[in-house]
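Just below is one structure, and these are the notes that go with it.
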Amino acid sequence: FYVIECSLEVIARHLLFLSLIMEPPDQLGYQDKTELFMELYGNVLMSSHTFEYLQNKSNDLIRFVTDDDFLKQKLPLLDISLLKFKEKDFLEGIFKFWRNPGDYSFDISKMWENRIRTYLGARFDHRSGIFDWDYSMKLLDLTSVIKRQEYCDWRENGVAFKLRPDAPYDSPNRTLTSGIVVTKNGEKIAQRGYWGDIVNSPYITFGIETNKELLKAAGNHPIKTSQDIAAHNLSEIIAKLSGEKVIKSSSSAKLSPITEVVTTDEKDKSRYCCTQFIRNNCKVIWRESDQK
């Protein structure tokens, strides 16, 4: 199947998650893989354990894009030969940014707050009531599995999954940031920040559908949290993708090939990238199309 992205930062996250899933079981167990995946995927702030893993893994990711022999040895299913040298250099810069612990000016919590302030405007001081209203009037129409406290806590601080209750979540998740070009005082400047979701929540991806046993309710309230369901689903997904265990499922999804590229902004068709997975082989393609 094909994955179309417009940002190399997103491709970098694909490489990170693929590398994490394919870690040898004797080096990283399924529970550890699941916890690391969930924190990296859904939290703007991580535990120190996950932060240290990201720093160490960044060294491998740098070698993936700079040393073809190392890539074939560690992750043979991935083929990035179609990437240009400048895209590989850009990816190397992203991984070095993830690895660098010394940039104390990087405050992702402030970035999250600024996004909330911009989104709510004058209503920012009443955000707790707005979060509760969004949950009751919007999210419940989609699913009742996500609990009110889970959702409101995530809207407030950007931390969706707290898998280590006794551990502080104070390390920034740099993989969720990216750079964009903004116009300020009539001048275009590059700016790095958090530009992701602040309304829907990461729970929707993995935490609302599962087997009936985990969806049982008591008094119209689900017994399991979305975090519990996400952890269960991801552990099965990771086991299946790593090839160690085949998980039977009552439902199956069919993928249709993408035959054309559609950009979200018709005025900006300057670039797109395509990750192509063919059977056991993954090819990453970054292309620049003609500007119109």
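The values are calculated or read from the model by the stated rules, or taken from the named source; none is laboratory data. Predicted model, so just to flag it, every value in this text is computed and none were measured. All Cβ positions, even for glycine, are placed from backbone atoms using ideal geometry, and neighbour counts span all protein chains on display. For the accessible areas, the whole protein counts, side chains as well, though only heavy atoms, and no ligand, DNA or RNA atoms are used. Shrake-Rupley method; radii C 1.70, N 1.55, O 1.52, S 1.80 Å.
A count restricted to region 85-111 and to residues that are surrounded by 11 or more Cβ atoms within 10 Å (Cβ to Cβ) and in a loop (DSSP other than H, G, I, E, B) stands at 4. Applying the condition of being in contact (Cβ under 8 Å) with a residue 12 or more places away in the chain and open to solvent by less than 30 Å² (accessible area, probe 1.4 Å) to region 112-140 and asking which residue is nearest to Val159 (Cα to Cα) yields Trp112. Of everything in region 130-164 that is among the small types (Gly, Ala, Ser) and in contact with a Pro (Cβ under 8 Å, 6 or more places away or on another chain), the residue that is nearest to Thr34 (Cα to Cα) is Ala160. Count of region 141-179 residues, restricted to those that are farther than 27 Å from Tyr53 by Cβ, open to solvent by 40 Å² or more (accessible area, probe 1.4 Å) and outside any helix (DSSP H, G or I), is 2. Residue pairs whose Cβ atoms lie under 7 Å apart, sitting 6 or more positions apart in sequence or on different chains, and linking a residue in region 16-27 that is in contact (Cβ under 8 Å) with a residue 40 or more places away in the chain and part of a helix (DSSP H, G or I) to a partner that is surrounded by 11 or more Cβ atoms within 10 Å (Cβ to Cβ) and polar (S, T, N, Q), are Leu16/Thr175; Ile21/Ser242.
Which of the residues belonging to region 36-73 are acidic (Asp, Glu) and either closer than 14 Å to Arg99 by Cβ or open to solvent by 10 Å² or more (accessible area, probe 1.4 Å) (or both)? If the condition is that a residue be acidic (Asp, Glu) and either closer than 14 Å to Arg99 by Cβ or open to solvent by 10 Å² or more (accessible area, probe 1.4 Å) (or both), then Glu52, Asp60, Asp67, Asp68, Asp69 are the ones that fit. Scanning region 201-243 for residues that are buried (at least 18 other Cβ atoms within 10 Å of the Cβ), outside any loop (DSSP other than H, G, I, E, B) and aliphatic (A, V, I, L, M) yields Ile229, Ala230, Ala231, Leu234, Ile238, Ala239.
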